[in-house]
Each structure stands twice: as structure tokens, then as C-alpha cells.
Amino acid sequence: MYTRLVLFDIDGTLLTTNGDAVRAMLRAYERVYGTRPVTDGFLMDGKTELQIVHELLAAAGLDEARVTAGLPRFWASYVAELERRLAPERITVYPGVRPLLAALRARPALLLGLLTGNIEGSARLKLARAGLDGFAVGAYGEHHRDRAALPAQAVAAAQASVGRRFTGKEIVVLGDTPNDVRCGRDLGVTTIAVATGLYSRAALAAEAPDHLFNDLADVPAVLAAIEGRPAGGGAHS
Ligand SMILES: [Mg+2]
């Protein structure tokens with residue numbers, strides 16, 4: 001019997017591709033749309049990849065109909081380019097992530113999932129190359145421009161997968177951006193922010209997450225937060 005649905009963001013939370021994903025996307029823009037959008041000063045963190053594509057190409061002067069028409073080819077080109085250039089040694093997995101995921105996988109009451117702005121193809125590729133697995137369900141960034149739409153999608157995917165409808169604090173959203181915290185907080189879920197991405201601890205604290213960590217290295221403390229137990233509150237039962 002599952003008691004919690006635990007949803008992880010990917011970039012800035014579990015890992016970073018150290019710019020390879022952005023470079024792969026830039027190649028795909030050139031191939032499919034014939035333009036290389038300006039990414040300097042453009043904030044991608046906390047946005048869905050669909051939102052990023054629309055915003056960057058609108059800024060480059062492309063009309064929306066043309067952008068939408070090119071999307072199937074664009075996603076395919078992006079994933080192919082990522083597949084070509086993303087080597088395991090190019091990826092940084094953040095402190096605590098591997099032992100935390102191992103501990104979570106050992107707890108059958110927890111259903112692990114993804115809540116990410118990545119499209120499914122890029123999410124799967126990054127995780128596979130990083131050697132991270134165990135995510136049973138996911139909500140991805142190819143169908144919604146607004147990250148706030150993703151939690152409901154993840155909850156629906158979990159219900160389809162295990163036949164249980166998770167609600168409120170049973171849903172745990174773990175991410176590295178103010179957007180991640182906001183999209184969970186507005187739904188009354190448990191929010192856990194981690195400052196391994198671009199945002200400072202102070203910037204994340206301003207969003208009032210339920211829990212805030214510098215990184216995920218203190219696995220017992222993060223487990224307690226996920227399971228809704230007091231930190232340092234003794235043995236897991
Ligand atoms: Mg992130």
C-alpha cells in the first residue's frame with residue numbers, strides 16, 4: 001500500500017548536464033528552425049521545455065504557428081543530439097542523490113516519480129546516462145508551457161499506474177527553483193527545496209517550502225522530510 005507519491009525535478013535537483021542539454025537544444029533550433037536563439041540572460045530553470053522553446057523562438061521573431069508545426073521534428077532532433085553528445089562523465093549527480101534514491105527504492109510505501117520541465121525523451125536519456133532509475137511515473141514538459149499544470153498530470157499518472165489517488169501532503173514535490181516550490185505549494189502538497197541549482201537558499205526560503213536543504217547529502221534528514229517525520233526522530237518503521 002502506497003502512502004506517498006514522491007516527485008523529483010531533474011536539472012539542478014538530481015543532476016546537471018553542465019550545459020550539454022542547452023547545447024544540444026541550440027543545435028536542434030538551427031536544424032529545424034534555421035535560427036540560433038539568444039540564450040544569454042534567458043532563465044530556463046523551473047520552466048518546461050515547451051515554454052522555453054516558445055519563448056526563445058518568439059524572441060527570435062518566429063510566429064507561433066511555425067514553432068508549433070516544427071515541434072515534432074524539433075524534439076526528435078534535440079533528443080538525437082543529446083544522445084550523441086551526452087556522456088556519463090559529462091554529468092554531475094549531486095551529493096546524496098544516489099544513496100537517497102537507493103533508500104527510497106527500499107521503501108515500498110513510497111511511489112517515486114518525476115515532475116520535470118524536460119520532455120520525456122530528454123528526461124529518460126539524462127537519467128539513463130547518469131545511472132539513476134526507479135521512477136515509476138512522470139509528468140513531463142512537452143505538453144504544458146506552465147509548470148503549474150504538471151502536478152495534476154503526475155497525480156493522474158500515479159493513479160493510472162497504481163490505482164491510488166494521492167492528495168495533499170501525501171504528494172511530495174522536490175525541486176531546486178522557486179517555480180518548483182510554487183507549483184506544489186499552491187496545491188497544498190509537501191514541498192522540499194534544494195539549493196543545488198541556480199537559486200540561493202535565501203531565494204528558495206522566500207517561497208516558504210515545507211523543507212529546505214543546501215543539498216541532499218543528509219539522507220536521514222531528507223528521508224524524514226519526505227516521509228513527514230520529525231528530523232532526527234528515530235528509526236524508520
Ligand atoms: Mg530544476
Please name all residue pairs, on different chains or six or more residues apart, with Cβ atoms under 6 Å, provided the first residue is in region 77-90 and is at pLDDT 95 or above and the second residue is open to solvent by 70 Å² or more (accessible area, probe 1.4 Å). 77/31; 81/27
Here are some residues: 16, 68. Which one is within 16 Å of the ligand (Cβ to nearest atom), open to solvent by 20 Å² or more (accessible area, probe 1.4 Å) and at pLDDT 95 or above? 16
Report yes if some residue within region 133-147 is without any contact (Cβ under 8 Å) to a residue 40 or more places away in the chain, within 16 Å of the ligand (Cβ to nearest atom) and in a helix (DSSP H, G or I); otherwise report no. no
Extreme residue, surrounded by the fewest Cβ atoms within 10 Å (Cβ to Cβ), among residues of region 170-185 that are within 15 Å of the ligand (Cβ to nearest atom) and hydrophobic (A, V, I, L, M, F, W, C): 183
In region 71-93, what count of residues is obtained for those that are open to solvent by 20 Å² or more (accessible area, probe 1.4 Å), in contact with a Ser or Thr (Cβ under 7 Å, 6 or more places away or on another chain) and assigned to a helix (DSSP H, G or I)? 2
Can you pull out the residues in region 186-225 that are out of contact with any Leu (no Cβ under 7 Å at 6 or more places or on another chain), open to solvent by 40 Å² or more (accessible area, probe 1.4 Å) and away from the ligand (no atom under 16 Å from the Cβ)? 186, 187, 202, 206, 208, 210, 211, 217, 218, 220
Within region 202-212, is even one residue in contact with a Cys (Cβ under 9 Å, 6 or more places away or on another chain), of a type outside the set (Val, Ile, Thr), in the same structural domain as residue 116 (by TED's automatic domain parsing) and closer than 23 Å to residue 2 by Cβ? no
Residue count, region 30-54, condition open to solvent by 50 Å² or more (accessible area, probe 1.4 Å) and at pLDDT 95 or above, comes to 3
Pick from 109, 152: which is modelled with pLDDT under 95 and more than 24 Å from residue 21 (Cα to Cα)? 152
For region 96-114, state whether one or more residues are among the small types (Gly, Ala, Ser), open to solvent by less than 10 Å² (accessible area, probe 1.4 Å) and more than 14 Å from the ligand (Cβ to nearest atom). yes
Conditions (1) within 25 Å of residue 101 (Cβ to Cβ); (2) under 20 Å from the mean Cα position of the chain (by Cα): number failed by residue 3: (2)
Report the residue count in region 19-29 for those that are open to solvent by less than 20 Å² (accessible area, probe 1.4 Å), over 15 Å from the mean Cα position of the chain (by Cα) and within 16 Å of the ligand (Cβ to nearest atom). 2
Only residues that are over 17 Å from residue 12 (Cα atoms) and assigned to a helix (DSSP H, G or I): list them for region 196-229, please. 219, 220, 221, 223, 224, 225, 226, 227
Which pairs do you get when a residue that is assigned to a loop (DSSP other than H, G, I, E, B), found in region 162-177, comes within reach of a residue that is within 16 Å of the ligand (Cβ to nearest atom) and not small (Gly, Ala, Ser), reach meaning Cβ atoms under 6 angstrom, with the pair 6+ apart or on two chains? 176/13; 176/194; 176/196; 177/45; 177/199
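The values are calculated or read from the model by the stated rules, or taken from the named source; none is laboratory data. Nothing here was measured: the structure is a model prediction, and the numbers come from that model. Note: ideal-geometry Cβ built from the backbone for every residue, glycine included; neighbour counts use all protein chains shown. Surface accessibility is based on the protein's heavy atoms, side chains included, excluding ligands, DNA and RNA. Shrake-Rupley method; radii C 1.70, N 1.55, O 1.52, S 1.80 Å.
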